[in-house]
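A.B. asks: Below: one structure in structure tokens.
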Amino acid sequence: MASPHLSVNAAGSPAARFFVLCLGVVTLGLAATWTTPTAAEEARLAPHDVRDLAEAGRFDELADRLALQSAPNGPAAGFLNQYEAFVRNDAGRAAQRHEAYVEALGEVARNLAAQNTEDAMVSSIEAHGLATDRDALAAEHTVREALSRATEEANDAAEAGDWVRASNLYRLLDLFYEDERRYEAQLEAANRSLRILQLYAPKHLQTLYEAEAKRRAEVKGEDDPEPINLELEPWQDRLEGVNLTMLRSTLLQANRQHIEKARDGRTFRQLLAGGMSNLLSLVESEPLRDTFASLSDDAQRQAFLAELLAITAELNEPGARMDYLAAVSTIDRVLNRNAKTLALPESVVIYELTEGVTGELDDFSAVIWPADIPAFLRTTQGKFTGIGVQISKRQGELIVVSPLEDTPAHRAGIKADDVIATVDGVSTANWSLTKAVDRITGDAGTQVTLEIKRRGQTSPIEFVITRAPIPIESVRGWEHLDEGGWDYFIDPVDRIGYVRISAFLPQTVEDLDAAVAQMQQSGPIHGLIIDLRFNPGGLLSAAVDISDRFLSDGLIVATVNADNQKTNEAKAKRHTTYRHFPVVCLINQGSASASEIVSGALQDYGRAIVVGDTSFGKGSVQDLYPLSRGKAYLKLTTHYYQLPSGKIIHRTEDAEDWGVHPDIAVEVTDAQVRDAIEFRQLIDVVRAPGEGILADIDKPWAAEEFRKPGGRREVQGKRADGTDRTMVEVRKPVPQELLDLGLDAQLEAALLVLKANRLAIDMAVAEASAVRGQARGDDG
């Protein structure tokens with residue numbers, strides 16, 4: 001199907017076009033004979049026309065023709081009213097986009113004048129996402145100046161070994177140029193050096209962070225920032241259990257099984273060259289001399305460097321090939337030379353070589369080291385043990401987004417917006433989210449003590465909470481019910497359902513079955529929106545099972561190996577299929593892997609209309625290989641997913657086409673996405689009756705009509721432009737306001753498709769009834 005960009009003429013509402021068309025009918029009528037068809041007759045739609053126009057995203061044409069042939073309160077009123085709201089919201093979104101674009105360009109100029117290169121780049125990226133003509137944006141003088149300054153300052157920072165600043169600037173440049181990969185190599189080098197500092201010289205890294213924070217404060221005219229306290233974890237803990245067998249097995253399996261490297265005679269050379277790059281960065285890093293004293297011995301360091309450079313030159317010889325025994329010999333050569341010169345701990349050399357090897361593979365291949373295994377297991381299971389809270393970082397604080405319903409945290413009285421100040425007496429200042437999850441979760445039956453700072457309370461509150469199994473909710477509905485559970489109907493009148501699938505877990509298909517059964521208890525489903533946006537994927541089996549619910553036969557997905565041979569096929573089974581109803585899948589750039597299998601398979605069979613943006617393009621399969629008898633694992637990309645149409649959805653470096661393309665493309669800006677996500681989170685937060693919500697005063701849902709009577713107002717830090725970030729207390733929003741405020745254009749388009757489908761069915765039923773009635777009259 002075509003993939004039109006939805007752009008609605010704000011001045012051309014259905015009512016206005018109806019008036020103009022009516023004038024045209026009168027004029028034509030005066031010039032024609034009475035036997036000439038009227039415009040209304042020519043515009044008359046059959047049920048299949050309604051469905052086809054909607055599924056092609058031609059909502060404006062459908063609305064025009066329906067307006068001509070329908071009574072104001074007729075069967076088409078529901079669709080026309082929804083379309084009127086869409087047009088009105090779209091006009092508002094277009095105006096906001098233009099206003100934000102002009103403001104972003106102004107911010108670029110203001111930040112350049114203030115010698116604030118980072119914020120000038122941030123504003124340039126913001127303008128890039130808002131621009132309708134990106135070539136014209138790149139030609140803007142201020143944007144060119146920002147790009148030039150950022151490049152120069154990033155290069156200078158890298159030369160000076162300031163990897164914090166270099167990484168920040170290269171990342172901003174990489175974001176601006178998006179798919180061009182113009183700064184990919186520089187960003188990888190900076191991040192590699194940052195990783196080495198974080199592991200082996202965290203005190204030096206802390207100094208770099210503090211210097212950068214102080215410099216940023218001086219540029220913005222702010223007070224000195226609070227001290228940064230990185231947790232100094234010994235590198236020995238990270239590398240505990242690392243051994244030579246893990247490196248050798250990683251090389252061997254990569255050469256045998258990796259989808260892009262398998263059985264290529266150059267593979268061992270390419271992978272080992274990546275390992276050499278890591279070792280060179282480590283040995284040349286001056287801050288590591290405080291960690292490894294031998295690096296201060298310049299003669300020994302130069303001797304080891306000379307060997308590494310010689311090996312690198314050999315590995316990079318054009319057309320050279322290498323087998324496994326030669327690769328093992330090269331590793332032994334590195335280890336032996338290290339032993340005779342710097343005598344770095346062997347685990348360090350092995351770890352850096354292995355990380356460099358996997359860095360030459362795709363982004364999804366990696367070693368799961370012994371220290372990583374507990375966290376990895378949590379991400380692959382449908383449940384974990386903890387206290388049951390969603391957390392985020394805000395203004396450097398660890399914030400509770402929401403307690404999960406009927407969990408230890410919820411029962412203990414933890415509330416949304418609570419600040420977790422300490423965990424078991426240890427300050428959470430400067431903790432990463434990963435670290436916070438590691439410290440708060442734990443074995444069932446054990447206890448964790450949280451010190452909570454709650455707004456309105458003068459003293460911290462201490463909670464001692466016993467951990468328990470926490471089920472992960474992967475299927476959510478439209479509105480969270482006060483008594484628990486979900487209401488899945490986004491449109492109860494037309495009986496259109498809505499489910500959000502956030503991940504594909506073992507229980508996901510059962511949860512979807514329960515949601516569909518709940519909706520069907522009160523009658524048939526006339527349409528279903530499956531929201532897969534920002535769904536990163538999960539289990540292949542879950543994606544197959546979900547697809548199987550909508551397909552009665554045929555291939556769902558296949559996997560192909562390095563030789564492009566199918567190695568596995570999953571097919572639909574008739575007995576597991578739901579009763580038929582129209583389906584729309586919502587996808588965006590955050591929809592990956594299993595999300596792409598489901599949306600792609602349903603699209604290929606015409607079982608669902610896909611609305612949104614092109615998906616991420618993560619169509620690869622990772623297999624786990626035990627290393628050193630299961631003490632670690634190699635996660636290796638071995639196959640690609642293939643859709644029923646034969647398309648490979650994975651995005652490789654040289655791919656020109658990837659992912660799932662929507663049938664109806666609805667472009668949204670980054671700011672619109674952020675607002676929709678933030679508002680949806682406010683809706684989903686579990687709160688006590690009457691409890692207010694803090695919202696940024698500049699947000700549309702913080703307008704006077706949403707304010708909580710007697711609600712508080714407070715300042716929470718500064719924005720990037722130096723203005724106060726003022727928060728006000730608002731009442732809990734309802735999901736319908738997500739549509740009323742025009743915060744989700746993609747969801748609005750999906751709803752239009754299904755309302756048009758419902759109208760087409762009603763029209764077909766009415767026509768059939770009329771034909772039967774006429775037949776009975778003729779018979780009489």
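The values are calculated or read from the model by the stated rules, or taken from the named source; none is laboratory data. Note that the structure is predicted; figures quoted are calculated from it, not measured. Because the Cβ atoms are built from the backbone with ideal geometry, glycine has one as well, and the counts that use them run over all protein chains shown. For accessibility, only protein heavy atoms count, side chains too; no ligands or nucleic acids. Shrake-Rupley method; radii C 1.70, N 1.55, O 1.52, S 1.80 Å.
A.B. asks: Quick one: in the stretch 30-50, which of the residues that are open to solvent by 40 Å² or more (accessible area, probe 1.4 Å), not acidic (Asp, Glu) and not in a loop (DSSP other than H, G, I, E, B) is modelled with the highest pLDDT?
C.D. replies: Checked the stretch 30-50; the qualifying residue modelled with the highest pLDDT is His48.
A.B. asks: Of all residues being in contact (Cβ under 8 Å) with a residue 40 or more places away in the chain and part of a loop (DSSP other than H, G, I, E, B) in the stretch 629-652, which is most open to solvent (accessible area, probe 1.4 Å)? Just the residue, please.
C.D. replies: It comes out as Lys631.
A.B. asks: Please work out which residue is modelled with the highest pLDDT, limiting yourself to the stretch 127-146 and to residues that are assigned to a helix (DSSP H, G or I), of a type in the set (A, V, I, L, M, F, W, C) and within 13 Å of Glu178 (Cβ to Cβ).
C.D. replies: Looking at the filtered set, the residue picked out is Leu137.
A.B. asks: From the residues in the stretch 274-284 that are in contact (Cβ under 8 Å) with a residue 40 or more places away in the chain and open to solvent by 20 Å² or more (accessible area, probe 1.4 Å), which one is nearest to Leu634 (Cα to Cα)?
C.D. replies: Step by step, filter the stretch 274-284, then rank; the result is Ser277.
A.B. asks: Which of the residues that make up the stretch 151-175 are touching a residue at least 40 places away in the same chain (Cβ under 8 Å), more than 25 Å from the chain's Cα centre (by Cα) and part of a helix (DSSP H, G or I)?
C.D. replies: Selection gives Trp163, Arg165.
A.B. asks: Let me ask another. Got a number for residues in the stretch 671-687 being more than 15 Å from Val400 (Cα to Cα) and either modelled with pLDDT under 85 or part of a loop (DSSP other than H, G, I, E, B) (or both)?
C.D. replies: Looking only at that region, the number is 0.
A.B. asks: Filter the stretch 399-442 down to the residues that are under 18 Å from Thr458 (Cα atoms) and free of Cβ contacts under 8 Å to residues at least 60 places away in the same chain and list them by number.
C.D. replies: Passing the criteria: Ile399, Gly413, Ile414, Asp418, Val419, Ile420, Ala421, Thr422.
A.B. asks: So, one more: Evaluate the following for Gly388: is it on the phi > 0 side of the Ramachandran plot and touching a strand residue (DSSP E or B) at 6+ places or on another chain (Cβ under 6 Å)?
C.D. replies: It is true that Gly388 is on the phi > 0 side of the Ramachandran plot and touching a strand residue (DSSP E or B) at 6+ places or on another chain (Cβ under 6 Å).
A.B. asks: To continue, here is another question. Out of curiosity, is Ala326 open to solvent by 30 Å² or more (accessible area, probe 1.4 Å) and touching a Phe, Trp or Tyr at 6+ places or on another chain (Cβ under 8 Å)?
C.D. replies: Yes; evaluated as a whole, the condition is true for this residue.
A.B. asks: For the structure I just gave you, tell me whether Asp332 is surrounded by fewer than 18 Cβ atoms within 10 Å (Cβ to Cβ) and at pLDDT below 95.
C.D. replies: no
A.B. asks: So, Leu53, is that one in contact (Cβ under 8 Å) with a residue 12 or more places away in the chain, closer than 27 Å to Gly742 by Cα and either in contact with a helix residue (DSSP H, G or I) (Cβ under 6 Å, 6 or more places away or on another chain) or open to solvent by 20 Å² or more (accessible area, probe 1.4 Å) (or both) or not?
C.D. replies: Spelling it out, Leu53 is indeed in contact (Cβ under 8 Å) with a residue 12 or more places away in the chain, closer than 27 Å to Gly742 by Cα and either in contact with a helix residue (DSSP H, G or I) (Cβ under 6 Å, 6 or more places away or on another chain) or open to solvent by 20 Å² or more (accessible area, probe 1.4 Å) (or both).
A.B. asks: In addition: (1) at pLDDT 95 or above; (2) crowded, with 17+ Cβ neighbours inside 10 Å: which one isn't true of Thr245, the others all being true?
C.D. replies: Just one mismatch for Thr245, condition (2).
One line per residue, one yes/no per condition, for (1) open to solvent by less than 40 Å² (accessible area, probe 1.4 Å); (2) under 24 Å from Leu280 (Cα atoms):
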{"position": "Ala154", "(1), (2)": "yes, yes"}
{"position": "Glu159", "(1), (2)": "no, yes"}
{"position": "Ala166", "(1), (2)": "yes, yes"}
{"position": "Tyr177", "(1), (2)": "yes, no"}
{"position": "Ser193", "(1), (2)": "yes, yes"}
{"position": "Leu205", "(1), (2)": "yes, yes"}
{"position": "Lys220", "(1), (2)": "no, no"}
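A.B. asks: Right, something else. Of (1) in contact (Cβ under 8 Å) with a residue 24 or more places away in the chain; (2) in a loop (DSSP other than H, G, I, E, B); (3) polar (S, T, N, Q), Asn73 satisfies all except one. Which?
C.D. replies: (1)
A.B. asks: Of the conditions (1) assigned to a strand (DSSP E or B); (2) open to solvent by 10 Å² or more (accessible area, probe 1.4 Å); (3) touching a residue at least 24 places away in the same chain (Cβ under 8 Å), Pro626 clears all except one; give me its number.
C.D. replies: (3)
A.B. asks: Name the single residue, out of those in the stretch 258-272 being surrounded by fewer than 19 Cβ atoms within 10 Å (Cβ to Cβ) and under 17 Å from Ile311 (Cα atoms), that is modelled with the lowest pLDDT.
C.D. replies: Arg266
A.B. asks: Name, by its number, the condition in (1) modelled with pLDDT of 90 or more; (2) out of contact with any Phe, Trp or Tyr (no Cβ under 8 Å at 6 or more places or on another chain); (3) of a type in the set (D, E, K, R) that does not hold for Asp174.
C.D. replies: (2)
A.B. asks: I'd like the full set of residues that are surrounded by fewer than 14 Cβ atoms within 10 Å (Cβ to Cβ) and either closer than 25 Å to Leu282 by Cα or touching a His at 6+ places or on another chain (Cβ under 9 Å) (or both), limited to the stretch 136-152.
C.D. replies: Listed by number, the list holds a single entry, Glu152.
A.B. asks: If you go through the stretch 481-494, how many residues are in contact (Cβ under 8 Å) with a residue 60 or more places away in the chain and either within 23 Å of the chain's Cα centre (by Cα) or under 11 Å from Ile529 (Cα atoms) (or both)?
C.D. replies: So the answer is 2.
A.B. asks: Right, something else. Conditions: (1) closer than 23 Å to Leu505 by Cβ; (2) in a loop (DSSP other than H, G, I, E, B); (3) in contact with a His (Cβ under 8 Å, 6 or more places away or on another chain); (4) open to solvent by 10 Å² or more (accessible area, probe 1.4 Å). Val621 meets all but one. Number of the miss?
C.D. replies: Single failed check for Val621: (2).
A.B. asks: Residues to consider are Glu667, Glu656; find the one that is open to solvent by 20 Å² or more (accessible area, probe 1.4 Å) and either more than 18 Å from Ser591 (Cα to Cα) or touching a Pro at 6+ places or on another chain (Cβ under 7 Å) (or both).
C.D. replies: Glu656
A.B. asks: If you go through the stretch 525-544 one residue at a time, do you hit one that is of a type in the set (Ser, Thr, Tyr) and under 16 Å from Thr577 (Cβ atoms)?
C.D. replies: Scanning the stretch 525-544 turns up no residue that is of a type in the set (Ser, Thr, Tyr) and under 16 Å from Thr577 (Cβ atoms).
A.B. asks: Exactly one of (1) closer than 30 Å to Arg216 by Cα; (2) open to solvent by less than 20 Å² (accessible area, probe 1.4 Å) is unmet by Ala76. Its number?
C.D. replies: All conditions pass for Ala76, except number (1).
A.B. asks: Same structure again: Can you tell me which of Arg776, Arg758 is loosely packed, with under 11 Cβ neighbours inside 10 Å, basic (Lys, Arg) and assigned to a helix (DSSP H, G or I)?
C.D. replies: Only one candidate qualifies: Arg776.
A.B. asks: Hey, does the stretch 119-127 have a residue that's open to solvent by 20 Å² or more (accessible area, probe 1.4 Å) and not β-branched (Val, Ile, Thr)?
C.D. replies: The answer is yes, given that some residue of the stretch 119-127 is open to solvent by 20 Å² or more (accessible area, probe 1.4 Å) and not β-branched (Val, Ile, Thr).
A.B. asks: Where residues in the stretch 552-595 are free of Cβ contacts under 8 Å to residues at least 40 places away in the same chain and part of a helix (DSSP H, G or I), which of them is least open to solvent (accessible area, probe 1.4 Å)?
C.D. replies: Within the stretch 552-595, the match that is least open to solvent (accessible area, probe 1.4 Å) is Thr576.
A.B. asks: Being crowded, with 17+ Cβ neighbours inside 10 Å and charged (D, E, K, R) narrows it down to one residue among Glu748, Glu714; which is it?
C.D. replies: Step by step, each of Glu748, Glu714 is checked, and only Glu748 is crowded, with 17+ Cβ neighbours inside 10 Å and charged (D, E, K, R).
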